[in-house]
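Input: a single structure, listed below in structure tokens.
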Amino acid sequence: MFEQNPREVEVFQNQIVGIRARMATMSAGSGSVSGSGAGAGAGAGNGAGGGGKPAAASNGRGNNGAAARENELLQHAAVLYNEKKLPAAVDALRQILSLPKPFVTPQLEAVVNFRLGMSLTALGQVQPAIDAYTAAIAASPSTIEHNAYNNRGNLRRQSELYELAISDFTRAIELNNEDATVFWNRALCYEARQQWSDALNDHELGLAFEQNPVC
């Protein structure tokens with residue numbers, strides 16, 4: 001269940017007021033408003049923040065020794081991450097990925113790469129983090145796909161790769177349409193591109209979801 005956050009509602013409302021003011025100014029000056037309409041309002045996405053802890057992976061194999069070792073490393077990496085020992089967390093996660101492929105299921109590979117992306121992001125290593133999220137999506141999309149697209153989109157937005165970021169947010173939105181955060185993220189990209197009508201549409205959709213959370 002998504003709980004309404006008064007602060008988020010206020011942010012959405014303020015952004016909408018600001019964008020409408022820009023659009024009115026532009027319309028008065030030139031008679032036209034920028035905005036491609038591409039992707040605006042196309043389905044929405046659930047759980048997009050992705051900042052929380054991913055679920056532990058289940059490998060489903062009979063090799064108890066290998067499974068125990070993987071689980072030990074995964075839990076160790078989680079502890080290190082929570083303690084802000086990020087380089088050590090990255091090392092622990094990469095140890096899992098270095099295991100022979102038969103001992104690493106696609107689901108586990110996806111979860112490990114997702115956590116690796118989170119750790120690298122916290123270290124400020126943007127491109128390696130993007131690569132980790134890309135690997136997570138490729139390994140097992142259904143395991144972490146929505147959050148991975150959103151997180152990768154945020155990194156691309158921060159790198160001013162707005163077209164790629166919009167593509168990621170749109171994909172996250174297509175996967176699940178109940179999270180205001182993804183609309184907010186995509187709206188920021190549209191604002192950066194001065195696509196005011198698209199940005200306004202996403203802010204309004206985000207506000208609607210924030211005020212009327214889906215259980």
Carbon-plus-sulfur fraction of the accessible area of segment 83-215, 1.4 Å probe, in percent?
50 percent
Solvent-accessible area of GLU83, probe 1.4 Å, all protein chains present, reported in Å² to the nearest ten, please.
100 Å²
With every protein chain left in place and a probe of 1.4 Å, what is the accessible surface of PHE114, to the nearest 10 Å²?
10 Å²
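So for ARG152, ARG193, ARG157, ARG186, what's the accessible-area order with a 1.4 Å probe, most first?
Reading off the accessible areas and sorting them downward yields ARG193, ARG157, ARG152, ARG186.
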Could you give the accessible area per residue of segment 171-215, probe 1.4 Å, as a whole number in Å²?
38 Å²
Quick tally, 1.4 Å probe accessible area for SER119, SER197, SER167, sorted with the most first, runs SER167, SER197, SER119
Extension gain from LEU161 to GLN75, taking 0.36 nm per residue of separation minus the Cα-Cα distance:
27.6 nm
Computed over segment 82-142, Kirkwood Rh from alpha-carbon pairs, angstrom
11.5 Å
Could you put HIS76, HIS203 in order of accessible surface area, largest first, with the 1.4 Å probe and the full protein assembly present?
HIS76, HIS203
Can you give the net charge of the other residues whose Cβ lies under 12 Å from the Cβ of LEU155, counting K and R as +1 and D and E as -1?
0
Please report the Cα spread of segment 165-215 along all three principal axes, rounded to whole Å, starting with the longest.
33, 20, 11
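Counting residues in segment 80-215 as N, plug N into 2.2 N^0.38 Å and put the Cα Rg over that result.
Here the answer is 1.14, to two decimals.
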Projected area averaged over all directions for the convex hull of the alpha carbon atoms of segment 127-172, nm², comes out at 2.6 nm²
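The values are calculated or read from the model by the stated rules, or taken from the named source; none is laboratory data. Model, not experiment: these values are computed from the prediction. Because the Cβ atoms are built from the backbone with ideal geometry, glycine has one as well, and the counts that use them run over all protein chains shown. Surface areas here come from the heavy atoms of the whole protein model, side chains and all, with no ligands, DNA or RNA. Shrake-Rupley method; radii C 1.70, N 1.55, O 1.52, S 1.80 Å.
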